[in-house]
Structures are given as C-alpha cells and as structure tokens.
Amino acid sequence: MRGDKASKRSEANIQGDIMIALASAGCLIWRQNTGVLPDENGRPIKFGLCVGSSDLIGVAPDGRFLAIEVKSAIGQPTDAQNRFIDAVRAKGGRAGIARCADDALKIAFDDAGS
C-alpha cells in the first residue's frame, strides 16, 4: 500500500520534501519557475533562467552549483531539461532528476556531480 501512495504523490509535494531535506542538509536552495505570461497589452513575457532549467536551483554546502529537476514517479524530463542537467554537470555543478528527497540528497552530495 505504501508504494501505491508514493507513486501518486504530486511533484509539488515531492518538491516540498526535497526543499526541506536539502535545506536541512546545509544546501541553499530556491524554487525556480520558468514560463511565459502575457503582459497588460497581451505581449508575451518570458520568465525564469532559460528553457529547460531545473525546478530547484541552489548551492551545495561545498559551494558547488546545484540543479534538481523534480519529477513524480512517472514523470519524464524533456529534452531541454536533460540538456540543462548535462550543461551544469559539464561545468562542474551537481545536477539530476529527483523523484524523492533521498534522490536529491544523493545528487547534492555526489562528488561525480550527477
């Protein structure tokens, strides 16, 4: 039964768990929204870092850049999200996909950056 409940948790609930776990472990972490909304004249205004940027952006306790893409048990990353993760890793940051707090902690403290 417990596995059934875990597989039905929303990304928002998982994200909250992850933010608490990372902050408790000494990470500095921010929620990062990306999207487009119309202004008062209907013109599209883009916000966020870039297309594909991770849901959570921060700094690991050792100072390395941290990017966590939060997904539910069945959620799949987009190509742009995978490219962002790869780019962060290529520059020495830690990045990856987390489906639970334990996944995020492994990413934040993995010396390989992935």
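The values are calculated or read from the model by the stated rules, or taken from the named source; none is laboratory data. All values reported here derive from a predicted model rather than from experimental measurement. Please note: Cβ atoms are built from the backbone with ideal geometry, for glycine as well, and neighbour counts cover all protein chains shown.
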**OP:** Considering only the range 63-98, state which residues are out of contact with any strand residue (DSSP E or B) (no Cβ under 8 Å at 6 or more places or on another chain), over 18 Å from ASN33 (Cβ atoms) and not in a helix (DSSP H, G or I).
**Re:** GLY63, ALA73, ILE74, GLN76
**OP:** List every residue pair whose Cβ atoms sit under 9 Å apart, with the two residues 6 or more apart in sequence or on different chains, where the first one lies in the range 5-29 and is under 11 Å from PRO61 (Cβ atoms) and the second, anywhere, is modelled with pLDDT under 95.
**Re:** none
Subject >> All positions within the range 37-61 that are under 19 Å from ARG83 (Cβ atoms) and not basic (Lys, Arg) >> reply: GLY48, LEU49, CYS50, VAL51, GLY52, SER53, SER54, ASP55, LEU56, ILE57
**OP:** Go through the residues of the range 38-55 one by one and say whether even a single one is under 16 Å from ILE97 (Cβ atoms), touching a strand residue (DSSP E or B) at 6+ places or on another chain (Cβ under 6 Å) and either without any contact (Cβ under 8 Å) to a residue 40 or more places away in the chain or not aliphatic (A, V, I, L, M) (or both).
**Re:** yes
**OP:** Evaluate the range 14-32: report whether one residue or more is more than 21 Å from ARG94 (Cβ to Cβ) and among the aromatic types (Phe, Trp, Tyr).
**Re:** no
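Counting only residues that are outside any strand (DSSP E or B) and either within 13 Å of the chain's Cα centre (by Cα) or on the phi < 0 side of the Ramachandran plot (or both), how many does the range 12-44 have?
Looking only at that region, the number is 22.
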Subject >> Subset of the range 45-62 (residues that are in a loop (DSSP other than H, G, I, E, B) and among the β-branched types (Val, Ile, Thr)) >> reply: VAL51
**OP:** Just give me the residues in the range 70-94 being in contact with a Gly (Cβ under 7 Å, 6 or more places away or on another chain) and crowded, with 16+ Cβ neighbours inside 10 Å, in sequence order.
**Re:** GLN81, PHE84, ILE85, ARG89, GLY93, ARG94
Subject >> Looking only at the range 102-112, and only at residues there that are among the small types (Gly, Ala, Ser) and surrounded by 19 or more Cβ atoms within 10 Å (Cβ to Cβ), the one that is farthest from the chain's Cα centre (by Cα) >> reply: ALA108
Original post:
Which one is farthest from ILE20 (Cα to Cα), of the residues in the range 70-114 that are β-branched (Val, Ile, Thr) and out of contact with any Leu (no Cβ under 7 Å at 6 or more places or on another chain)?
Top reply: THR78
